[in-house]
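Enquirer: If you scroll down you'll find the structure; I have some questions about it.
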Amino acid sequence: MAASAVQFKTNYAVEKKFEPFYKGGKVQLNKDGTQLVCICGNKLNVLEISTGAIVRSIEQDDQEDITCFVLSPDDEVLVTSSRALLLKQWQWQEGTCIRTWKAIHMAPVSSMTFDSTSTLLATGGCDSTIKIWDVLKQYCTHNLKGSSGVVHLVQFHPDMARLQLFSSSMDYKIRIWDLKSSKCLCVLETHYSAVTSLCFSADGDTMISSGRDKICAVWDLETKTPKRTVPVYESVEVVLLLPDSRDLIGRDQDTESLLFITAGSKGILRVWDSVTSKCLYAQKLPHTSQKSSEDEGDEHSLTHCLLLPNQEEILTVNAEHSIIIYDLHNLDLKKQFAGYNDEVLDVKFLGPSDSHIVVATNSPQIKVFELETSNCQILYGHTDTVLALDVFKKGLMFASCGKDRTVRIWRMNKNTGKVDCVAMGGGHTNGVGAIACSRLKGSFIVSGSQDFTLKIWTLPESISKASKAQTPALESLYASVTEKGHDKDINSVAVSPNDKLIVSGSQDKTVKLWSSSDLSLVGVFRGHKRGVWCVQFSPVDQVVATSSADGTLKLWGLQDLSCLKTFEGHDASVLKVIFVSRGTQLLTSGSDGLLKLWTIKTNECVKTIDGHEDKVWGLYGNKQDSAVVTGSADSSIVLWKDVTEVELAEVQAKEEKEILQQQELSNLLHEKRYLKALGLAISLDQPHTVLKVIKAILLEPQGKDDLEKNILRLRQDQKESVLRYCGVWNTNSRNCHEAQCVLNVLLTHETPESLLQYGSVRSSVEALIPYTERHMQRMGRLLQASMFVDYMWQHMRLTDLPMEKDSAPAPTPGLTLSLQENGKA
């Protein structure tokens, strides 16, 4: 009875998408710091910092990659440069290009900046030149030559009264240009590697420069000499002045000095005193304690750093394209967004109410997204790519495994949402590609590896208990049972709902059933022609579902180990399968990017959903069975919601509305209110009903006159619809009379100019002409036939002499026959 009450799902719709929105390059905040503009290939994305949503995308028509962009200080003008050597000015709030002009540079533009008044734009090119543009008057004002190599840094002095531009190129020198004379005033030499950023003091007399030579230089701009050199012992990408607020980090020791913040290859923010050259504060982050090496190009290294306008927060971007916001009072993490996920290998819902998702990307780090705000936690622990994840039933703990041959247990703090690693186990001799958690008590996990073995790991009781300590101690896991399970890589493992059985699927084309107590073999399922990618227990029946690279999925009975059903429909490998609708339906994902929804009872694929462009490695349903999440090799994560009830309600509402409208139409026809009936039928877009109304009008005593009056009283868009319907009616000889009547009214009373205003007049006329010619030919033939009958009838009456009634002779057989034939004709 319960199964019959289950409503089968018919469709899923996209509720939310986590797509790559930043692939490296410049980032810039708008005036009030609420939105972040960043480059993503050939388009710019605008990120709403409060929600993490992409509110706008600005895409170039020529599909050329954007090399650089700049937003003016007043938020009015956005300019982009592309590899096509074009500069484009955008109305960025609407995403429309208002002006395009040639950059005049001989090579792509590598750096751009606006002056403080938002009127002058400086562009530094890969051709060693700098151009300055008057954005308002739209012309080039300066062409500055003398740099060596790519000009990767241009910046105006904040005091525009000085009319100075600072630049740096591949010769590691800082040049100061006088815009009045268009000459280089001075060349500042102290760096031995690329100069990465400049910042200026409030009075404009002091400048701090940073470089990849691991130093920051403090300059006196009046004498054009370096005051001092601060060794920072890391390749510095950005230097920023710390605001003067007394409660900010580092100000507790010195409230007056010029303090600055550096960001670079170590991946941490540090506060320095420009007078004493001392580091006042350095961040302590998880990855710094995990990895002591400070290699250049490390994935944690910071590439960009911006102060938010409220002066209370700082935004950083690292080499993995993560955007991180810290509190400037203590440099604690406030918010984090993942700009690029790379290939998504697995994804699961997390949290007691499925408020988060945990994602394994092609990286040693695990990402935990909060669905409401898109805020992302990055979990450090694994030292190589994480391959699989599984979440315990309560939703607060999950297990992970990876190429580093280890398994880890992570626990989420129910109150804060913070996730910590609480246990780790090692013992496999190759990468661990499959993991499954016990379903009842959360007492063990099962792992399957590329070393062909299965391991059961018993969890200590202390792990499952919520710890009040902020940093729980990392416990060690030990395998209680190990068994060689397959002859090739194990791709998937699953635990039965009662925790008594384990099923595993492998590249050796077999699926094996094991006892969870001692990993003793219960049975083997054979039937797939290629490797098995996923295995799954039914939540209600003694059934196992398997999916394979042979493009099929199969259902197996646990009693006799037989194949109960085979589902064919995917044209490529079926990578994941899950049960939905209380075990009555299956949802699968394939390497072709498609999702398919199957009804088990009928073996029917009821819906194919195209939501990804590459292999869908991750597929998981929430506890309420109302949503699923998918992760793909196209770097996107999609949250799908079940819209079966919504669509059913829409269909029912539509049917009810149609019934009411049909009843209203019937009433209008009965009351002979033809104009309103015509208008209603046209609004319903029902050509047959409109024809029915026209036929009813023509049946009236003054039908043609009434039709003419009603047609002429219609609006232009309604007349256009009727003209379009005429093309359909005119194809049938039964309805051509009504179509020609309407056409006659329109052609008689509408001028050619007004008819040309109709949007579909061309297609309507093209459809009307051939059938009208055919009707004319048919009417001509009919007229000729009728004239012949009339002629014969007249001649018969003339030759037939009048006689008395009583003496009328019997008609001759020949005459009778000819009359019958004429009657038939």
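The values are calculated or read from the model by the stated rules, or taken from the named source; none is laboratory data. Just so it is clear, the model here is predicted, and its values are computed rather than measured. For neighbour counting, all protein chains shown are included, and Cβ atoms are generated from backbone atoms with ideal geometry for every residue, glycine included. Accessible surface is based on the protein model in full, side chains and every heavy atom, while ligands, DNA and RNA are left aside. Shrake-Rupley method; radii C 1.70, N 1.55, O 1.52, S 1.80 Å.
Enquirer: Once you sort the root eigenvalues of the Cα gyration tensor of the stretch 312-383 as a ≥ b ≥ c, which label holds: rounded (a/c under 1.5), prolate (a/b larger than b/c) or oblate (the other case)?
Expert: Cα axes put the stretch 312-383 in the oblate bin.
Enquirer: Shifting gears a bit: What is the Cα centroid distance between the stretch 352-386 and the stretch 152-177, reported in whole angstrom?
Expert: 42 Å
Enquirer: Taking H as built 1.01 Å from N, whose amide H comes closer than 5 Å to the amide H of residue 335, not counting residues under 5 places away?
Expert: Answer set, sorted by chain and number: 325.
Enquirer: Follow-up question, since we're still on this one. Is the shape of the stretch 488-626 best called rounded, prolate or oblate, per the rule: a/c under 1.5 gives rounded, else a/b larger than b/c gives prolate, else oblate, with a ≥ b ≥ c the square roots of the Cα gyration tensor eigenvalues?
Expert: prolate
Enquirer: Where does the charge balance sit around residue 138 when Lys and Arg score +1, Asp and Glu -1, over other residues with C-beta under 14 Å from its C-beta?
Expert: Counting the neighbours of residue 138, the net charge comes to +4.
Enquirer: Modelled label-to-label distance, residue 529 and residue 162, 7 Å Cα→beta-carbon offset: nm?
Expert: 7.6 nm
Enquirer: What percent does the relative contact order of the stretch 705-800 come to when contacts are Cα pairs within less than 8 Å and at least six residues apart?
Expert: Worked out over the stretch 705-800, it gives 30 percent.
Enquirer: Modelling each spin label as a point 7 Å along the Cα-to-Cβ direction, I'd like the residue 500/residue 695 distance in nm, to one decimal.
Expert: That separation, rounded to one decimal, is 6.9 nm.
Enquirer: Sequence-distant or interchain residues sharing an amide H contact under 5 Å with residue 42, placed H: which?
Expert: Close amide H contacts, sequence-distant or interchain: 66.
Enquirer: While we're looking at this one, here's another question. Counting Lys and Arg as +1 and Asp and Glu as -1, each charge on the Cβ, what is the dipole of the stretch 80-171 about the Cα centre in debye, to the nearest 20?
Expert: 260 debye
Enquirer: Tally Lys/Arg at +1 and Asp/Glu at -1 over every other residue whose Cβ is under 11 Å from the Cβ of residue 592; what's the total?
Expert: Residues close to residue 592 contribute a combined charge of -2.
Enquirer: Over the chain, calculate the relative contact order: mean separation of alpha carbon pairs under 8 Å at least 6 apart, over the residue count, as a percent.
Expert: 6 percent
Enquirer: Still on this structure: For the chain, what does -39500 (n - 2.57) per DSSP helix run (n ≥ 4), summed and divided by total residues, give at 222 nm, in deg cm²/dmol to the nearest 500?
Expert: Helix contribution divided over all residues of the chain: -6000 deg cm²/dmol.
Enquirer: Follow-up question, since we're still on this one. In square angstrom, what is the accessible area per residue of the chain with a 1.4 angstrom probe?
Expert: Per residue, the chain has 47 Å² of solvent-accessible surface.
Enquirer: Assuming R0 = 25 Å, can you tell me the calculated FRET efficiency for the pair residue 671 and residue 732, based on Cβ-Cβ distance, to the nearest 0.05?
Expert: According to the calculation, E is roughly 0.30.
Enquirer: Report the FRET efficiency, 1/(1 + (r/R0)^6), for residue 233 and residue 482, where r is their Cβ-Cβ distance and R0 is 51 Å, rounded to 0.05.
Expert: My answer for the efficiency is 0.65.
Enquirer: May I ask you to evaluate 6.51 cos²θ - 1.76 cosθ + 1.60, the Karplus curve with θ = phi - 60°, for each residue of the stretch 626-643 and list the ³J(HN,Hα) values in order in whole Hz, giving x for glycine and proline?
Expert: Values per residue, Gly and Pro as x: 10, 8, 9, 10, 10, x, 10, 6, 7, 6, 10, 10, 10, 9, 10, 10, 6, 10 Hz.
Enquirer: Assigning unit charges at the beta carbon (Lys, Arg +1; Asp, Glu -1) and nothing else, what dipole magnitude in debye, to the nearest 20, does the chain show about its Cα centre?
Expert: About 1240 debye.
Enquirer: Please label the shape of the chain as rounded, prolate or oblate, based on the square roots a ≥ b ≥ c of the eigenvalues of the alpha-carbon gyration tensor (a/c under 1.5 means rounded; beyond that, a/b larger than b/c means prolate, else oblate).
Expert: oblate
Enquirer: Once you keep just the Cα pairs under 8 angstrom separated by 6 or more residues, what percentage relative contact order results for the stretch 433-545?
Expert: 22 percent
Enquirer: Moving on to the next point. Be a star and scan the stretch 737-772 for residues whose amide nitrogen sits under 18 Å from the point 7 Å along the Cα-to-Cβ vector of residue 709.
Expert: Only 742, 745-746, 749 pass the distance filter.
Enquirer: Roughly speaking, to the nearest percent, how much of the chain's 1.4 Å accessible area is carbon and sulfur?
Expert: Details: 19670 of 38950 Å².
For the chain, the apolar C and S fraction of the accessible surface comes to 51 percent.
Enquirer: Something else: Taking the alpha-carbon centroid of each part, what is the distance from the stretch 692-738 to the stretch 566-617 in angstrom?
Expert: Cα centroid of the stretch 692-738 versus Cα centroid of the stretch 566-617: 49 Å apart.
Enquirer: Further question: When the label point is put 7 Å from the Cα of residue 571 along its Cα-to-beta-carbon vector, which residues of the stretch 580-617 have a backbone N closer than 16 Å?
Expert: Of the residues in the stretch 580-617, 590-596, 608-616 have backbone N under 16 Å from the label point off residue 571.
Enquirer: About its Cα centre, what dipole magnitude does the stretch 627-696 give when the only charges are +1 on Lys and Arg Cβ and -1 on Asp and Glu Cβ, stated in debye to the nearest 20?
Expert: Values: 8 positive and 11 negative charges, 130 e Å.
Roughly 620 debye, rounded to the nearest 20.
Enquirer: Excluding residue 662 itself, calculate the net charge of residues whose Cβ lies under 13 Å from the Cβ of residue 662, where each Lys or Arg counts +1 and each Asp or Glu counts -1.
Expert: Values: positive: 654, 657, 692; negative: 655, 656, 658, 664.
With Lys, Arg at +1 and Asp, Glu at -1, the neighbours total -1.
Enquirer: Between residue 776 and residue 761, what length comes free when the chain is fully extended (0.36 nm per residue of separation minus the Cα-Cα distance, one decimal in nm)?
Expert: 3.2 nm
Enquirer: Rounded to the nearest 0.05, what FRET efficiency do residue 685 and residue 656 have when you use their Cβ-Cβ distance and R0 = 25 Å?
Expert: Efficiency at R0 = 25 Å is approximately 0.90.
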